[in-house]
Amino acid sequence: MTTPVSAAFTETDLDAIAGAEGRVAVFVTPEGKLDPAGRRVNRLTKGALARLIEADTLDGKSPGDVLTLDWPAGMTARALDIVVLPRSATVDESRRAGVALGRKIGEAGLLILGGSLKRPVEVVLGAVLRAYEFSVHKTAEAKAKGAVTAMVAKPDEVEADAAPALMVAEGVFFTRDLVSEPANHLTTTEFASRIEAMKDLGLKITILEESDMEKLGMGALLSVGLGSATPSKLAVMEWQGGKAGDAPLALVGKGVIFDTGGISIKPAQGMEDMTMDMAGAGVVAGVMRTLARRQAKANVVGLVGLVENMVSDRATRPGDVVTSMKGDTIEVINTDAEGRMVLADVLWYAQETYKPRGVIDLATLTGAAIVALGHENAAALSTDDTLCDAVLKAANAEGEGLWRMPLGKAYADMMKSDIADVKNSGGRPAGTITAAEFLHRFIQDDMPWVHLDIAGVASVKSETTYAPKGASGWGVMTLNRLVADMLEG
Ligand code: BES
Ligand code: MN
Ligand code: ZN
């Protein structure tokens, strides 16, 4: 697995600034004011820093923008990054500044001169999140990224503040590793064993095998994996950090380790991207990891349906009718609408087994979510304004794009089947909404529920707010904050 970029906090040490090997970051206000560390660096560089910011270089610069001086005279650093940041920088500005620095971290690491920063932890978090790299399949000697060290006024206090933030980063990295991993490596069995290993963190793990799911009548989930050699599984992660007996929040994830489309096979072009079709499950696993690592005072249960949508003589056919655990019969119009088949049974099982206080599901469910919102926002669809608003607020606070879309009976009617209770595809119009209405059938009366379609944001071909191109880990930070605000607040 990828080793997270490590972070440490120390007292300001002038000799260490002069002798730093990697990159050094100093901060300047938009008005051109340096802090004491900046002035020290200016003396070391014989005024080069001041000359650079006296020129018109700060004009038009926004918080988080970076000017770079390579091989600054008077220092051993390979580069001096001068970050424009107001003294009162917001969380968002501070993280963006960190991201700009994290983009450039090399083997020799980064020294942040953060003595005067209002939010040093957010700068470090941004840098660490952006410096992530998935290089486990590069055989050429992988150059590990160096550590991030921040010199701050009160290192012990800042370090204590940083600990939970870095546990969030660990959860994000866990998710990104899962999402990046190709399906011949991350089989359903391997996914389950990575989840199982989180027992050591105090999570209670249960894995349901195909035979267990047959007994429970999970004909919808099981129909998806029929064509695959890797067995379908349902993995449950329970975190009991809250009051005993308090109903948990349930997080449900789509874990299709690869989506060929099944017999309704996808075109070859771009099919390789379907290795990320387990991102919903990946995010749930990452959040559960973070909650356990930071000993969250909340009861949360994560449930993920792990399957592979393959083609074979045993695969489900278009036209087949299957029976879900709930008892509803489903006509399979399109075997490529498989995620909702998986979620139908996992959602029902979650509600029957855990009687949760609310359910949030995450899934790379529809290409239509990308058509509607591109890669900037995930789609939220919900029957409960209170829970949905709380999720939107958490996403906004964490800088993860999320936009609500409507539900409605007219959309649900588009899923009516001639021969079964419901069909699994309503065609192209409003594809994200009809998919959500399909899931809605499997939500019990009065159960607060939010569906998050993360097809557009889970893995992106260009860099995103906090991540290099590839798996983003979108949702780990949002759900961690939701738990903190709603259940621990
Ligand atoms: N996993 C896909 C959705 C997807 C597409 C995720 C692109 C990420 C990027 C999903 O299983 C799927 O194939 N959905 C179909 C549904 C249709 C057959 C009703 C789709 O969106 O075309
Ligand atoms: Mn599909
Ligand atoms: Zn899929």
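No value in this document is a laboratory result; all are computed from the given coordinates. All values derive from a computational prediction rather than experimental measurement. FYI the Cβ positions are ideal-geometry reconstructions off the backbone, even for glycines, and counts take in every protein chain you see.
Within 10 Å of each residue's Cβ, count the other Cβ atoms and sort Leu67, Leu249, Leu482, Leu487 from fewest upward.
The most exposed by this proxy come first: Leu67, Leu487, Leu249, Leu482.
Within 10 Å of each candidate Cβ there may be at most 16 other Cβ atoms; applying that plus a DSSP loop requirement, which trypsin sites (Lys or Arg not before Pro) in the range 82-149 survive?
Hits after loop and neighbour filter: Arg87, Arg103, Lys118, Lys138, Lys143.
What's the FRET efficiency of Asp418 with Asp200 using the Cβ-Cβ distance as r and R₀ = 45 Å, to the nearest 0.05?
Step by step, r from the Cβ atoms, then E = 0.30.
What FRET efficiency, computed as 1/(1 + (r/R0)^6) with R0 = 60 Å and r the Cβ-Cβ distance, is obtained for Ala48 and Lys215, rounded to the nearest 0.05?
Efficiency, rounded to the nearest 0.05: 0.25.
Rounded to whole Hz and in sequence order, give me ³J(HN,Hα) for the range 242-257 from the Karplus expression 6.51 cos²θ - 1.76 cosθ + 1.60, θ = phi - 60°, writing x for Gly and Pro.
Here the 3J(HN,Hα) series is x, 5, 4, x, 5, 4, x, 7, 9, 10, 10, x, 7, x, 8, 5 Hz.
Using only DSSP helix segments of four residues or longer, with each worth -39500 (n - 2.57), what per-residue ellipticity at 222 nm results for the chain after dividing by its residue count and rounding to 500? Intermediate results must be reported in sequence, preceding the final value.
Working: 16 runs with 169 residues, N = 489.
Roughly -10500 deg cm²/dmol at 222 nm, from the helical runs in the chain.
Could you grab the relative contact order for the range 172-487? Cα pairs under 8 Å, six or more apart, rounded to a whole percent.
Answer for the range 172-487 is 22 percent.
Simple spin-label model, 7 Å along Cα-to-Cβ: Arg404 to His185 in nm?
Distance between the two pseudo-spin positions: 4.0 nm.
With a ≥ b ≥ c the root eigenvalues of the C-alpha gyration tensor of the range 172-487, is it rounded (a/c under 1.5), prolate (a/b larger than b/c) or oblate?
It comes out rounded by the Cα gyration axes.
Checking the cross-link filter: which lysines have an alpha carbon closer than 18 Å to that of Lys416, excluding same-chain neighbours under 8 positions apart?
The qualifying lysines are Lys326.
In the range 7-156, what % of DSSP beta bridges are antiparallel (nearest 5)?
DSSP beta bridges in the range 7-156 are roughly 25 percent antiparallel.
What list of ³J(HN,Hα) values in whole Hz, one per residue of the range 364-375 in order, does the Karplus curve 6.51 cos²θ - 1.76 cosθ + 1.60 (θ = phi - 60°) give from phi, with Gly and Pro shown as x?
Karplus-based 3J(HN,Hα) across the range 364-375 equals 7, 8, 9, x, 5, 5, 6, 4, 6, 10, x, 9 Hz.
Give the distance, in whole Å, between the Cα centre of the range 59-105 and the Cα centre of the range 106-173.
After rounding, the separation between the Cα centres reads 14 Å.
Enter the Cα centre distance for the pair the range 301-358 and the range 417-465, rounded to the nearest angstrom.
When both Cα centres are located, 13 Å separates them.
Hey, can you grab everything whose amide H is under 5 Å from the amide H of Arg404? Only 5+ residues off in sequence or another chain; H modelled, so Pro and N-termini drop out.
Ala380
Report for the range 172-487 the percent antiparallel among DSSP-assigned beta bridges with both residues inside it, nearest 5.
Counting DSSP beta bridges with both partners in the range 172-487, the antiparallel share is about 50 percent.
Averaging sequence separations of C-alpha pairs under 8 Å and six or more residues apart, then dividing by the length of the range 7-156, give the relative contact order as a whole percent. Display every interim value, and only then the final one.
On the way: 311 pairs, mean separation 48.4, N = 150.
Rounded, it is 32 percent for the range 7-156.
Taking a cut-off of 25 Å between Cα atoms, list the lysines near Lys154, but don't count ones fewer than 8 places away on the same chain.
Lys33, Lys118
Which of His185, His137, His451, His440 comes first, and how do the rest follow, when ranked by fewest Cβ neighbours within 10 Å?
Ordered by Cβ neighbours within 10 Å, fewest first: His137, His185, His440, His451.
Beyond 29 Å between alpha-carbons counts as too far, so tell me which of Lys243/Lys393; Lys143/Lys469; Lys46/Lys469 fall in that bin.
Lys46/Lys469
Pop out the ³J(HN,Hα) list for the range 421-429 in order, Karplus 6.51 cos²θ - 1.76 cosθ + 1.60 with θ = phi - 60°, rounded to Hz; leave Gly and Pro as x.
Karplus values, whole Hz, x for Gly and Pro: 5, 7, 10, 8, 9, x, x, 6, x.
Could you tell me which trypsin sites (Lys or Arg not before Pro) in the range 339-424 are loop residues by DSSP with no more than 13 other beta carbons within 10 angstrom of their beta carbon?
Values: sites: Arg340, Arg357, Lys393, Arg404, Lys409, Lys416, Lys423; in loops: Arg357, Lys416.
Sparse-neighbourhood loop trypsin sites (Lys or Arg not before Pro): Lys416.
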